[in-house]
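The values are calculated or read from the model by the stated rules, or taken from the named source; none is laboratory data. These figures come from a predicted structure and were not determined experimentally. Quick reminder, even Gly has a Cβ in these numbers, built from the backbone with ideal geometry, and neighbours come from all protein chains shown. Areas reflect the complete protein model, heavy atoms only, side chains present, ligands, DNA and RNA absent. Shrake-Rupley method; radii C 1.70, N 1.55, O 1.52, S 1.80 Å.
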Amino acid sequence: MAYLIPPEQLGSLLDGHPTYRSNQLREWLYEHPVLDAADMMNLPLDVRTKLGTSLWPFTVDAEQVGDAGKTRKWLFRGDKDAAIEAVLMGYPKRVTLCLSSQAGCAMGCTFCATGQFGFERQLEAGEIVAQVAYAQAHLQTYPLPDSPNRISNIVFMGMGEPLANYSNVREALRRMIDVMHIGARHITVSTVGIVPGIRKLADEPWQVGLALSLHAADDELRETLVPINRRYPIGDLIDACAYYFEKKGRRVSLEWTMMEGTNDTPEQAAKLADIARELRAHVNVINLNPTPLGPDRPSDMLTVEDFIADLRSRGVAATFRETRGQDIDAACGQLRALRFGDVPAELTIQSITKTQ
Ligand code: SF4
């Protein structure tokens, strides 16, 4: 399990070999990852053979391809069968990987497939960073159409609440930035609002971006969608995000998932605009990728357009983000739900989107 060992301690896998072999191995794992250890050509055969069966800390349980090849999704299984999802999305000038920080999630957001199935376990730093390495190695071998062949952006928006697994996420960030040489400004950590974690991240030395999954602009509504809001209400979140801005000089972005009749009203737009102006934040609006067991449905596109226009008329920068992978189970937790059989076949996401 080479990725479960800190990159500075890889010598423990190389008994009897000179120390420069650790540097070579570290470069293969983090700078030029390959799918198969047999391709680490400058390492001796016995090392490659030993690594061959233990390179990745997970197995690939499922792979899906959507959006005419531009979106690729994996369901990995780690130790104790932990489900780990990662989604690779290609654009003309960048490639973004959305990764998981926990297997499952304890936050229980009502609109999220992961939240509906509960918490399995924390992911280790090596399991988080291995998602990047695996996706990069895959991309190198199987490029996405009309996109660069290098991962340029990473978002912690897959399964799990990153700031509820702080020490492992911190170590994964360190490896991505210091060992993989991915620019901190190209990494975004997304949170539903763990206030102490936001403040801790603000005090770290890296300029990583912070995205706050807000989804409701008053405590009354937010508590019904995001239960952790009872512990960390919106006022505390605004203070923590302002602290982040002060420490990093980087604006926090606000994520807003549109749900029909729930948070797509002019009243919510007005309150959201007040928060966004106070934080000088950009608002990213996406439409709900509906989950099999959740009650909410996406807003119609006219409502989405009106909502964004309303925000803009109130002086807020707002962008609509296309939802990738609607032809596959690309929203957080959906592929896991399908593969692990928690969801009746007639309720899988494909059948729901087909009947809409
Ligand atoms: S939206 Fe994020 S924090 Fe909420 S349940 Fe899903 S994975 Fe967890």
- request: Could you check how much of the accessible area of the chain is carbon and sulfur, as a whole percent, using a 1.4 Å probe?
  value: 51 percent
statement: Expressed as a whole-number percentage, the relative contact order of segment 117-238 with C-alpha contacts under 8 angstrom and at least six residues apart is 21 percent
task: Beta carbons within 10 angstrom, averaged per residue: use that to sort the peptides 22-30, 189-197, 265-273, highest first.
output: 189-197, 22-30, 265-273
query: Which order, highest average first, do 38-44, 283-289 follow once you tally other Cβ atoms within 10 Å for each residue and take the mean per peptide?
result: 283-289, 38-44
task: List the residues whose amide H sits under 5 Å from the amide H of I154, counting only those 5 or more places along or on another chain, with H placed 1.01 Å from N in the peptide plane.
output: L97, I187, T188
message: Amide H of L214 versus every other amide H placed in the peptide plane: which residues, excluding those fewer than 5 positions away on the same chain, fall under 5 Å?
response: E255
- line: With all protein chains present and a 1.4 Å probe, the order of K80, K50 from largest accessible area down is K80, K50
message: Per residue, how large is the accessible surface of segment 1-55? Use a 1.4 angstrom probe and give square angstrom.
response: 54 Å²
- prompt: Which value, in Å², gives the accessible area per residue of segment 122-165 when a 1.4 Å probe is used on the protein heavy atoms?
  reply: 30 Å²
- line: Restricted to pairs 8 or more residues apart or on different chains, the lysines in the chain with C-alpha atoms under 20 Å apart form a number of pairs equal to 5
query: Under the definition of Cα pairs under 8 Å and six or more residues apart, what whole-number percent is the relative contact order of segment 1-55?
result: 38 percent
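Between Y20 and T59, what FRET efficiency follows from the Cβ-Cβ distance if R0 is 30 Å, with the result rounded to 0.05?
On the way: r = 31 Å, r/R0 = 1.04.
According to the calculation, E is roughly 0.45.
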field: Shape call, the chain: gyration tensor on alpha carbons, a/c limit 1.5
entry: prolate
- line: Of the candidates T49, N23, V132, the farthest towards the positive dipole end of segment 1-141 (Lys/Arg Cβ +1, Asp/Glu Cβ -1, centred on the Cα centre) is V132
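Arrange the residues L10, L35 by how much accessible surface each exposes, largest first, with a 1.4 angstrom probe.
Ranked from most to least accessible, the order is L35, L10.
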message: Below 8 Å between Cα atoms, with a sequence gap of 6+, how large is the relative contact order for the chain in percent?
response: 15 percent
message: Taking amide H atoms as placed 1.01 Å from N in the peptide plane, list the residues 5 or more away in sequence, or in a different chain, whose amide H sits under 5 Å from that of I286.
response: W256, T257, M258, R321
- line: As a percent rounded to 5, the proportion of antiparallel DSSP bridges among beta bridges in the chain is 50 percent
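Treating only the Cβ atoms of Lys and Arg (+1) and Asp and Glu (-1) as charged, compute the dipole magnitude of the chain about its Cα centre; round to the nearest 20 debye. Mind dumping the intermediate values first?
Numbers: 37 positive and 45 negative charges, 182 e Å.
Dipole size: approximately 880 debye.
Among 95-108, 228-241, how do they line up from the highest to the lowest mean number of other beta-carbon atoms within 10 Å?
95-108, 228-241
For segment 1-55, just say rounded, prolate or oblate: build the C-alpha gyration tensor, square-root its eigenvalues into a ≥ b ≥ c, call rounded for a/c under 1.5, and beyond that prolate if a/b exceeds b/c, oblate if not.
Note, shape of segment 1-55 comes out rounded.
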